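Enquirer: Got a structure for you, written out below as structure tokens; questions coming shortly.
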Amino acid sequence: MPYYRSVGRIPRKRHTQFRRPDGGLYAEELMGAEGFTADSALLYHEHLPTAIVNSQPYAGPPETRTPNLPLKPRHLRTHELDFPGLDPHGEAGKGSTAEVDPITGRRPLLANSDVRLSYCAAGAPSPLYRNATGDECVYIENGTARFESVFGGFELGQGDYLIVPASTTYRLVPTGVPPLRTYVIEATGHIGPARRYLTARGQFTEHSPYCERDLRGPVEPLRADVEDCEDVEVLVRHRQGWTRLTYAHHPFDVVGWDGCLYPYAVNVADFEPLTGRVHQPPPVHQIFEGPNFVVCNFVPRKVDYHPLAIPVPYNHANVDSDEVMFYCAGSYAARSGSGIGQGSISLHPAGFTHGPQPGSVERALGVEHVDELAVMVDTFRPLDLCDAGLACEDAGYAWTWAGRHLSRPAAADQTG
């Protein structure tokens, strides 16, 4: 995080005695990144945060990865995953999204060793959860939720990005009419603002498209209904798999904390787009970066104002990266005629040249404003497809640039 925050009660000096009203000591917990050489936070608990009474293996959501072979662009229709019983072959099961929670209900779509991209339509509160493999970036496509954590809580709504540091114990509670639709970017490292937006001391620069005023974090501890809670379960995703830990006391017993490592939210509407006389390259749309990937967003904006400008992307080859676009709202003119709609995800892999659909360039001439909203993830290692991604794939998408939309792969694809 780029700046310091203090919440609740803390002692004047860190690592000194801080006593409860009964005379006992509060228990310190230092959460520190990169071997305690980077950002950290110091939390003060009523009870020992180390006090576990049980540890059991937990069968987390299954994840099978399939290489993108033969190489081709993909279109995933995420809203087809609303049925919680949808199996890898696309068979819909019983139940409804109201029975799914936004943590264990995540459906992995695309993944590599750096990042996993998942989708979830949920209506039930999640269990307490901790991702020990890396930071999470949760984008709210639709709906509202309450984020609750050891740091405190805050409300989330449509268009919010939620950044959760690795090993934060938290839960998500849908608060509106289901489904709460979330697009989840899970890193095997840390996610933060693009480094070029920050000064050497961590302040957002003047050329950054968003700043500290746009970030929302916890403002008070979250301690409701936890005093008498014992034997509390927390699901932990870690580098060896999943575990269910049982704690002697509820982890939401923090009376105060301070530091530069904590969860926060920023809304996509607060991202100020950078435009130019001619079409701007994707890096101007960047909002976050992670290990071997970046996150960008394409928001409603005025477009290129050169008298001969072409306001849609030029054909381009991903020489070093796979490009994943999640279409959240609005009308995406460059994709017209491809079958792309709200909730669609496109994968344009390295080695494939892609660009606007046939006819899009001509239709865009003279356009002064675009009404589009999309979240893009560019990875610098190839992405595999997971079962849920294959289950909701539009198999004819790859051929739409040729003016075709086949329901089955072409013969050349079958022999490739």
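Enquirer: Could you tell me how many of the residues in segment 104-127 are of a type in the set (A, V, I, L, M) and surrounded by fewer than 23 Cβ atoms within 10 Å (Cβ to Cβ)?
Expert: Here the count works out to 2.
Enquirer: Shifting gears a bit: Consider G343 against the criteria (1) open to solvent by 10 Å² or more (accessible area, probe 1.4 Å); (2) in contact with a helix residue (DSSP H, G or I) (Cβ under 8 Å, 6 or more places away or on another chain); (3) over 30 Å from F36 (Cα atoms): it satisfies all of them except one. Which criterion is unmet?
Expert: Going through the list (1) open to solvent by 10 Å² or more (accessible area, probe 1.4 Å); (2) in contact with a helix residue (DSSP H, G or I) (Cβ under 8 Å, 6 or more places away or on another chain); (3) over 30 Å from F36 (Cα atoms), G343 breaks only (1).
Enquirer: State whether the residues of segment 63-78 include one that is at pLDDT below 95, farther than 22 Å from E148 by Cα and in contact with a Cys (Cβ under 9 Å, 6 or more places away or on another chain).
Expert: yes
Enquirer: Return the pair list, or none, for Cβ contacts closer than 7 Å from residues in segment 144-157 that are closer than 18 Å to L43 by Cα and of a type in the set (D, E) to residues that are part of a strand (DSSP E or B) and modelled with pLDDT of 95 or more, at least 6 apart or on different chains.
Expert: Filtered contacts from segment 144-157: E148/Y170; E148/R171; E148/V173.
Enquirer: Identify the single condition in (1) modelled with pLDDT under 95; (2) over 17 Å from V254 (Cα atoms); (3) buried (at least 19 other Cβ atoms within 10 Å of the Cβ) that P174 does not satisfy, given that it satisfies every other one.
Expert: (1)
Enquirer: In addition: Can you find a residue in segment 374-391 that is of a type in the set (K, R), under 28 Å from I191 (Cβ atoms) and surrounded by 19 or more Cβ atoms within 10 Å (Cβ to Cβ)?
Expert: Looking through segment 374-391, none of the residues is of a type in the set (K, R), under 28 Å from I191 (Cβ atoms) and surrounded by 19 or more Cβ atoms within 10 Å (Cβ to Cβ).
Enquirer: Report the residue count in segment 243-288 for those that are within 25 Å of the chain's Cα centre (by Cα), open to solvent by 40 Å² or more (accessible area, probe 1.4 Å) and over 30 Å from V367 (Cβ atoms).
Expert: 1
Enquirer: Tell me yes or no: at least one residue of segment 188-209 is touching a Lys or Arg at 6+ places or on another chain (Cβ under 7 Å) and either surrounded by 13 or more Cβ atoms within 10 Å (Cβ to Cβ) or not small (G, A, S) (or both).
Expert: Looking for residues that are touching a Lys or Arg at 6+ places or on another chain (Cβ under 7 Å) and either surrounded by 13 or more Cβ atoms within 10 Å (Cβ to Cβ) or not small (G, A, S) (or both), one finds none in segment 188-209, hence no.
Enquirer: So, in segment 293-332, how many residues would count as being in contact with a helix residue (DSSP H, G or I) (Cβ under 7 Å, 6 or more places away or on another chain) and open to solvent by less than 50 Å² (accessible area, probe 1.4 Å)?
Expert: 7
Enquirer: Just name the residue that is nearest to Y129 (Cα to Cα) out of those in segment 90-103 that are at pLDDT below 95 and crowded, with 18+ Cβ neighbours inside 10 Å. Can you show your working first?
Expert: We begin by selecting, within segment 90-103, every residue at pLDDT below 95; these are 90-100.
Next, from what is left, pick out any that are crowded, with 18+ Cβ neighbours inside 10 Å: 97, 100.
Working: T97: 20, V100: 15 Å.
Going through the qualifying residues, I end up with V100.
Enquirer: Also, quick follow-up: Among the residues of segment 195-251, which ones are of a type in the set (A, V, I, L, M) and in contact with a strand residue (DSSP E or B) (Cβ under 7 Å, 6 or more places away or on another chain)? Steps first, please.
Expert: Step one: of segment 195-251, the residues of a type in the set (A, V, I, L, M) are 198, 200, 215, 219, 222, 224, 226, 232, 234-236, 245, 248.
Those that are of a type in the set (A, V, I, L, M) and in contact with a strand residue (DSSP E or B) (Cβ under 7 Å, 6 or more places away or on another chain): L198, L215, V219, L222, V232, V234, L235, V236, L245, A248.
Enquirer: Just give me the residues in segment 129-149 being closer than 29 Å to S113 by Cβ, among the hydroxyl-bearing types (S, T, Y) and not in a strand (DSSP E or B), in sequence order.
Expert: Answer for segment 129-149, where residues must be closer than 29 Å to S113 by Cβ, among the hydroxyl-bearing types (S, T, Y) and not in a strand (DSSP E or B): just T133.
Enquirer: Quick check: anything in segment 183-197 at pLDDT 95 or above, under 19 Å from T144 (Cβ atoms), β-branched (V, I, T) and under 20 Å from the mean Cα position of the chain (by Cα)?
Expert: Within segment 183-197, one or more residues are at pLDDT 95 or above, under 19 Å from T144 (Cβ atoms), β-branched (V, I, T) and under 20 Å from the mean Cα position of the chain (by Cα).
Enquirer: Out of L117, L109, which single residue is over 20 Å from V266 (Cα atoms) and not charged (D, E, K, R)?
Expert: Values: L117 fails: over 20 Å from V266 (Cα atoms).
Unique residue meeting the criteria: L109.
Enquirer: Right, something else. For segment 25-57, how many residues meet the condition of being touching a Lys or Arg at 6+ places or on another chain (Cβ under 8 Å) and open to solvent by less than 60 Å² (accessible area, probe 1.4 Å)?
Expert: Counting residues in segment 25-57 that are touching a Lys or Arg at 6+ places or on another chain (Cβ under 8 Å) and open to solvent by less than 60 Å² (accessible area, probe 1.4 Å) gives 4.
The values are calculated or read from the model by the stated rules, or taken from the named source; none is laboratory data. For clarity, every value in this text was computed on a predicted model and none was experimentally measured. Note that we place each Cβ from the backbone using ideal geometry, even for glycine, and neighbour counts take in every protein chain shown. Each accessible area value is taken on the protein alone, full model and side chains, heavy atoms only, with ligands, DNA and RNA left out. Shrake-Rupley method; radii C 1.70, N 1.55, O 1.52, S 1.80 Å.
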